[in-house]
Structure formats: structure tokens, C-alpha cells
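Enquirer: I have a structure I would like to understand better, so I am pasting it below and will then ask my questions one at a time.
The values are calculated or read from the model by the stated rules, or taken from the named source; none is laboratory data. Bear in mind that the values here come from a model prediction, so they are computed numbers and not experimental data. So basically every Cβ, Gly included, is an ideal-geometry build from the backbone, and we count neighbours across all protein chains shown. All accessible areas refer to the heavy atoms of the entire protein, side chains included, with ligands and DNA or RNA removed. Shrake-Rupley method; radii C 1.70, N 1.55, O 1.52, S 1.80 Å.
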Amino acid sequence: MITHTVNISPEHRGLNFLLNIKKDQLNYFTSLMHREGAFAWYQLAHKNVLMLNDATGIQHVLQDNAGNYHKSSFYKVLKPFLGNSILLSEEAIWKKQRQESAPAFAHRNFAAMVPQMTDAIHAMLERWQKNIVSQQPLDLNFETMWFTLDVLLRTLFHEQRDGITNDMQNSILTLLREAEERVWRIVSLPQRLTFMLPKYRRSLNFLNKTIDELVATRRANHAYPEDLLSRLITSYTEAPAQQRMLRDQMMTFLLAGHETTANGLVWALYYLSKHPDIWQKVATEADAVLGNRTPTMDDIKQLQYTRQVFDEVLRIHPVVWTLSREAQADDIIPLENDDQIELKRGTVVMLCTYAVHRRTCYWPNPEVFDPERFNTANSHQRPKYSWFPFGGGPRMCVGFRFAQIESIIALAMLAQRYDFSLLPGQNLQPVPTITLRPPGAMYFTVTKRHAAAVSCHPDTIISTISNATCPFHVETRVA
Ligand code: HEM
């Protein structure tokens, strides 16, 4: 067994190194991983950083010794608008916040949330009608962002108004873009000063005021439907500090659940439009499981291939493309090959989902989009932390099931009705900021599907799908 210690070569530190990363972060870190394997060292903002690419090591940091690893200072860019809420807090405060909010995402609540999600899809499809009839392309980056915010407002706040969705969307994006540009900027105005500029102050004030009004209305009506807002209202008193905490929490859920899921969906449509055979399988499954029906919670587990597709989208395109932690005490990180890494207190650990999801020892032909990687047989062959788009351990995304259900339903309902083709000539190079997002609009033409709903039993169809040979993968799958 070898014990590795910090070892930073001159080309992995200093301004030149930062400039090299900035040119193309995704390729830089992926190449670094391919070159160095289980781990690599570098220095950024005077901090020693361990890039950890080994599933056993990742499990140690995120799960087995999670208490020793706090969110790193790179998350601080979110503080001006998220305060010390669940995404950023630690220890006792985080524990309390997690206990307050997690039950809102418990399995039993999804039966009520699914109809709210499907209503939001119907509203989106109605908005599309004019474009579909006239064959005008739709910007599905914008549409998926609108949709996921609409879903959050309906499910977590029982709120639904087009005006509020539009204004909130603009304000959220203004704040997020400021924070994400800051992450890799070499010199920037202190955030305290930036937030005095009218553009940012207006956006933050608007969001705060809107959330405060939603809380006040609910309190005034004494009506507490089962949702996150009700849970939080009853967890906090009306004292100003508590109210601020409540607002920061709601803001965090809006931000954390909005662009992430929207990006997942729009990249799913991107990959599916490039692989019409896979889209056809999603559509065949939707026809078999749903026919012309609107999905309910009971349908989710039948939409197995659609789930595999979304899992594969989050592998090849993890929308939270990197996580980072800071060691609170010295530690020894175990590795798969029985070696270990000695880590000093204060070291930052980078868990680059985008790179690890391309490690060939876990993912052969990593650039090939193949949902069969996630069938049951193939999934069992990999270590748990070779795939972690939602993080893991106690800090795992609290909305992960919500995001999966929302996305499976959306893809299935779209596949019941439409085919999507990307307009050629667009710059779609992903931008690695806080999320891995498209650089701007993503135009698709949307056409009605010609295929009629399939009338045979869902099981027959699913086993046909599972046994079909994927053109990108030589194996034949077992149902
Ligand atoms: C495809 C969609 C999503 C992805 C890929 C995603 C990914 C993640 C990841 C990777 C983390 C962990 C961050 C870290 O450990 O540093 C996280 C945390 C979190 N996510 Fe998500 N997320 C998604 C959707 C959602 C949704 C829909 C919600 C809420 C409605 C949500 C709420 C949160 C919250 C509150 C946290 C912080 C949890 C904690 O620290 O206890 N996310 N998410």
C-alpha cells in the first residue's frame, strides 16, 4: 500500500495555470484525470486542491467521513442571495434545515405533486401551439427554464401566475449569472459592492419581496396545504431573523431546483434529437405505458427506459459539473487500489462529476450516449460513486427524486406527442459555470409525431425495448 502526499508540480499552480484552465475547464480537468488517474493535485487561490476521481475516495469524502468535509469557499459566491441556507450552512444549522425541508420531498407527497407537474407541462404545450402550427422554431432553453420554475412555484408554493414566473425567472438569472461569472474571474468588484448596483439590487429586492408576499398571504389566509412553504412557515417564528432565514430557504429551493432541472431537460432533448432511434424507444415506452393518458405517480416506475435516458444525460452532461469540499481536519482518504492519500486540514477536494463520469475504467466509450449503461444488469457492475450527478451522502440533493420524476414525466409527455430537431448552425458549446448550461438559446423545430399510440401490453413493449440492439453499444441487453 502506498500513502500519497501533496505533490503539486509547477505547471499546476500560479496565474498561467489559472489562465490555462479558464480557456476550457471541462477539457482541462478531463484531460488531467485521463493523464493522472485516481487523483491529481493543483493549487488555486492559494489553496492546495486534490482532484479526486476515484469512487472509493469520493464515497469517503461525500458519505463515510462527510462530517470532516465542509462546502469549500468556492460556494461563497452564492451567499449574498442565499444567506446561510441549506445549500451553504454546516453542522447543527444545516441539520435543522434539512430536517425541516426533507419531509416535503418524501415519497408520499409525490402523488399530489405529479398532477401539478403535468399541469405545468400542459401549460407549456399550450404556449408552444402557435410555433408548432407555423413551424417556427422554439428556444427550448428558455422554455425548459420557464417550465421548471413554474413547477417549483406550483408544487412548493401552490402558486401559479405567468407574470410572477416571468419576473422571477429574469431576476433569478441576473443573480446567478453574476455569481457564476465571479467563480473563474481573476479580478472582480467585491460582491458587497456589486449588489449595490441597481441591476442586482432590483433583482434581489424583487425576489425577496415576492417570497415575503407569498408567505404573508399564506399566513393571512391561515391555509396551509401540504408543501414546502407550509412546512417552513410552521418551522419559523415571525421574528425578523427567522423570517429572513425562511426567505433564504425558499430562495435556495427556487434557485437549486430551477436551472439544474431545466438544463437536464434541454440537454436531454439535445441528445435525443441527435439519436432519433433512442427517442423512438422513449416514445414507444410512453405509448405503451400511457397511451393517450396523462401520467400519474404510479406510471413512473414503468417508464424505466425514460429514466435510463435521463440518468445517461446526467452522466454525459452532469449539470452540476463539479463539487468541492474543504477538509476540517487531517484525514486519510482510501482508494480503490488500497493506496491512500494523506490530506492536511484546509485542503480543498474537487469532485469533478464531468470528468469522473468519463473515467474509462467505469464508463467504456464515455463520449457515446447510451442509456443501456443504466439498465439493471449494467448498473450493478459499477461502484456507487462512479455516478453522482446529485452528490451523495448526507448532503445529497434533497430534490433529486423531485427532479427525476419531473424530468421523466416531461420527457414521456413530450414523446407521446412530438419529435424534436435541432436547428443547425447553433453554438451549443456547454458553459461550465455553477451549472453546465447552454451558451444561450437552443432552437428546435417541434413537429407532431405521426406514430399512433401502441396498443399492446406495456410489458411486451418494455422487453422489446430492452432486448433491442443499441447501435452505439455492441452488447444485447437482457430485460
Ligand atoms: C437535475 C436536477 C438537479 C441536479 C443535477 C441537482 C444536483 C445537486 C447536487 C450535485 C447537490 C449537492 C451539492 C454539493 O454537495 O455540493 C445538490 C444539492 C441540493 N439540491 Fe439539487 N439538483 C437538482 C435538482 C434539485 C431540485 C429540483 C431541488 C429542489 C426542489 C434541489 C434542491 C437542492 C438543495 C436544497 C440542495 C442542498 C442540500 C443540502 O446541502 O442538504 N435540487 N443538488
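Enquirer: Given H placed on each backbone N at 1.01 Å, which residues far from residue 365 in sequence or on other chains put an amide H within less than 5 Å of it?
Expert: Distant-sequence amide H within range of residue 365: zero hits.
Enquirer: I would also like to ask the following. Give me the dipole magnitude in Debye, nearest 20, for segment 348-420 about the Cα centre, with unit charges on the beta carbon: positive for Lys and Arg, negative for Asp and Glu. Could you put the intermediate results ahead of the total?
Expert: Working: 8 positive and 5 negative charges, 66 e Å.
Magnitude of the dipole: close to 320 debye.
Enquirer: Amide H to amide H under 5 Å from residue 39: which residues, 5+ apart in sequence or cross-chain, H placed 1.01 Å off N in plane?
Expert: Excluding prolines and chain starts, which carry no amide H, the hits are 53.
Enquirer: Accessible area of the chain with a 1.4 Å probe: how many percent of it is carbon plus sulfur?
Expert: 54 percent
Enquirer: In the neighborhood of residue 163, defined by Cβ-to-Cβ distances under 15 Å, what is the net charge if each Lys or Arg adds +1 and each Asp or Glu adds -1?
Expert: Once all neighbours under 15 Å are counted, the net charge is -1.
Enquirer: Could you work out the local net charge near residue 144, counting Lys and Arg as +1, Asp and Glu as -1, over the other residues with Cβ closer than 13 Å to its Cβ? Spell out each step's value before the answer.
Expert: Values: positive: 127, 437; negative: 139, 143, 150, 259, 406.
It works out to a net charge of -3.
Enquirer: Any idea what the relative contact order of segment 97-179 is, in percent, if you count C-alpha pairs under 8 Å spaced at least 6 apart? Could the numbers behind the result be given before it?
Expert: Numbers: 28 pairs, mean separation 22.1, N = 83.
It rounds to 27 percent for segment 97-179.
Enquirer: Among 114, 204, 163, whose Cα sits farthest toward the positive end of the charge dipole of segment 110-224 (+1 at Cβ of Lys/Arg, -1 at Cβ of Asp/Glu, about the Cα centre)?
Expert: Final value for the positive-end residue is 204.
Enquirer: Here's something else I'd like to know. With a probe of 1.4 Å, find how much accessible area segment 245-316 has per residue, and write the answer as a whole number in Å².
Expert: On a per-residue basis, 26 Å².
Enquirer: What does the convex hull of the Cα atoms come to per residue for segment 1-100, in Å³?
Expert: Numbers: hull volume 14.4 nm³, N = 100.
Looking at segment 1-100, the number lands at 144 Å³ per residue.
Enquirer: Another question about this same structure. Does segment 40-79 come out rounded, prolate or oblate by the C-alpha gyration tensor, with a ≥ b ≥ c the root eigenvalues, rounded set by a/c under 1.5 and, if not, prolate when a/b is larger than b/c and oblate if not?
Expert: Oblate is the answer for segment 40-79, as a/c is 1.5 or above yet b/c matches or exceeds a/b.
Enquirer: Here is a further query. Work from the charge dipole of segment 328-459 (Cβ charges, +1 for Lys and Arg, -1 for Asp and Glu, about the Cα centre) and give the residue of 350, 381, 447 farthest towards its positive end.
Expert: Checked the options; the winner is 447.
Enquirer: Please say if segment 154-291 is rounded, prolate or oblate, where rounded means a/c under 1.5 for a ≥ b ≥ c the square roots of the C-alpha gyration tensor eigenvalues, and otherwise the choice is prolate for a/b larger than b/c and oblate otherwise? Before the final figure, lay out each step's value.
Expert: On the way: a/c = 2.79, a/b = 1.30, b/c = 2.15.
Oblate, since a/c reaches 1.5 and b/c is not below a/b.
Enquirer: Once amide H atoms are placed 1.01 Å from N in the peptide plane, what residues at a sequence separation of 5 or more from residue 44, or on another chain, have their amide H within under 5 Å of its amide H?
Expert: 49
Enquirer: In what sequence, largest accessible area first, do 347, 376 appear using a 1.4 Å probe?
Expert: On the way: 347 10, 376 85 Å².
Descending accessible area places them as 376, 347.
Enquirer: Only Cα pairs under 8 Å and at least 6 apart count here; give the relative contact order of the chain as a rounded whole percent.
Expert: Working: 677 pairs, mean separation 122.9, N = 479.
Once normalised by length, the contact order is 26 percent.
Enquirer: Just to confirm my numbers, what's the Cα centroid distance between segment 320-371 and segment 210-248 in Å?
Expert: 39 Å
Enquirer: For segment 106-118, what does the Karplus curve 6.51 cos²θ - 1.76 cosθ + 1.60, with θ = phi - 60°, yield as ³J(HN,Hα) per residue in whole Hz, taken in order and with x for Gly and Pro?
Expert: 6, 3, 5, 7, 6, 4, 7, 7, 4, x, 5, 5, 5
Enquirer: Now for a separate question. Mind putting a number on the dipole of segment 46-196 about its Cα centre? Charges go on the C-beta only, +1 for Lys and Arg and -1 for Asp and Glu, and I need it in Debye to the nearest 20.
Expert: On the way: 16 positive and 16 negative charges, 96 e Å.
The calculation lands at about 460 debye.
Enquirer: Using the Karplus curve 6.51 cos²θ - 1.76 cosθ + 1.60 with θ = phi - 60°, what ³J(HN,Hα) values do you get for each residue of segment 394-404, in whole Hz, with x for Gly and Pro?
Expert: Working through the residues one at a time gives x, 8, 4, 3, 6, x, 5, 5, 4, 5, 5 Hz.
Enquirer: Quick one: work out Rg over Rh on the C-alpha atoms of the chain, Rh as Kirkwood radius.
Expert: Working: Rg = 22.6 Å, Rh = 23.6 Å.
In the chain, Rg relative to Rh is 0.96.
Enquirer: While we're here: Among the listed pairs 71/95; 23/79; 79/209; 76/209; 22/79, give every one whose C-alpha distance is greater than 21 Å.
Expert: Details: 71/95 14 Å; 23/79 26 Å; 79/209 18 Å; 76/209 23 Å; 22/79 23 Å.
From 71/95; 23/79; 79/209; 76/209; 22/79, over 21 Å: 23/79; 76/209; 22/79.
Enquirer: So, one more: Relative to the Cα centre, what is the charge dipole magnitude of the chain, using +1 at the beta carbon of each Lys and Arg, -1 at the beta carbon of each Asp and Glu, and rounding to the nearest 20 debye? Please list the in-between numbers first.
Expert: Numbers: 50 positive and 47 negative charges, 231 e Å.
Approximately 1100 debye in magnitude.
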